[in-house]
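First up is the structure itself, then whatever we jot down about it.
Coordinate-derived values only; no laboratory data. Nothing here was measured: the structure is a model prediction, and the numbers come from that model. So basically every Cβ, Gly included, is an ideal-geometry build from the backbone, and we count neighbours across all protein chains shown.
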Amino acid sequence: MELQNLKEKANALNNKVQQLKGAYQSEQLVYNFNIAKVEKLSTDTELYSKAVELLSKVQAVTRDKIKNEFENLVTYVLRYITEEDYVFSLVFEKCGNLQELKFAIKTPDCEEELDPLDTRGGGIIDLVAFALRIVLIETSLPKNEGFILCDESFKHLSENYLPKIPLLINELSRKLNRQFIIISHEEAIIEGSFNKIEIK
């Protein structure tokens, strides 16, 4: 009888061991699955951080390229018309989490960068606005084809600069391979223009 009890206890203990073995194997599977998940998450995290780093670099390169295009064309227009050492620049600043963009001009008589609205005379603002429109059209995607219409774009420009406008337009037309249609009441612009059409 005692032997029988010992056998029953051994069988019960064996069953318990088998149950614990099954539970252990089940837990081992869950553990291995979680380890695989952690490894995948770790790989994904590394991949995502590299992707973010790449996108940041692409964004910086793209921003710099666009910044250069804007600055070069606006500076070119200002210098062409005024024959002075103007420099136009885009200034990127952070305001909290937001990125801010400001326009700045260095004038020949002031080394400090100024807001275009603070520069002398409305003519400079007209030139900056004209050049910015052209750059926006040229850099837009998809590419915006066709002519550029300028309606009284130079109405605040000093009279001594007006005769240079047709030359600038002709130069930009050649460089950008675009036709410009200029609407103006300024005699100096009209007289220097090519292919004039007068509407009365």
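Points worth noting:
- Whole-number D in µm² s⁻¹ for the stretch 1-120, Kirkwood Cα-pair radius fed into Stokes-Einstein, 37 °C, 0.692 mPa s: 153 µm²/s
- Per residue of the chain, the DSSP helices (runs of n ≥ 4 H) give a summed -39500 (n - 2.57) that works out to -21500 deg cm²/dmol at 222 nm.
- In a simple Cβ point-charge model (Lys, Arg +1; Asp, Glu -1; nothing else charged), the chain has a dipole of about 1520 debye relative to its Cα centre.
- Once Rg and the Kirkwood radius are both taken over the C-alpha atoms of the chain, their ratio Rg/Rh works out to 1.57.
- Cα-centre dipole for the stretch 145-200 with unit charges at Cβ (Lys and Arg positive, Asp and Glu negative), debye to 20: 220 debye
- Placing unit charges on the Cβ atoms of the charged side chains and taking the dipole of the chain about its Cα centre, the candidate lying farthest along the positive direction among 60, 78, 107 is 60.
- Among the listed pairs 94/164; 65/164; 106/196; 106/164, those with a Cα-Cα distance over 31 Å are 94/164; 106/196.
- Mean separation of Cα contacts under 8 Å, 6 or more apart, over the residue count of the stretch 128-193: relative contact order %: 39 percent
- Values of log10 I(q)/I(0), in the order q = 0.21, 0.27, 0.28 Å⁻¹, for the stretch 145-200 under a Debye, Cα-only, solvent-free model: -0.79, -1.23, -1.30
- Listed by chain and number, the lysines placed with their C-alpha closer than 28 angstrom to that of residue 9 are 21; residues fewer than eight positions away on the same chain are left out.
- Cα centroid separation, the stretch 140-182 to the stretch 46-110 (Å): 22 Å
- Listed residues 43, 12, 31: farthest to the positive end of the dipole of the stretch 1-96 (Cβ charges): 12
- Folded to 0 to 90 degrees: helix 122-139 orientation relative to the chain principal axis, Cα: 50 degrees
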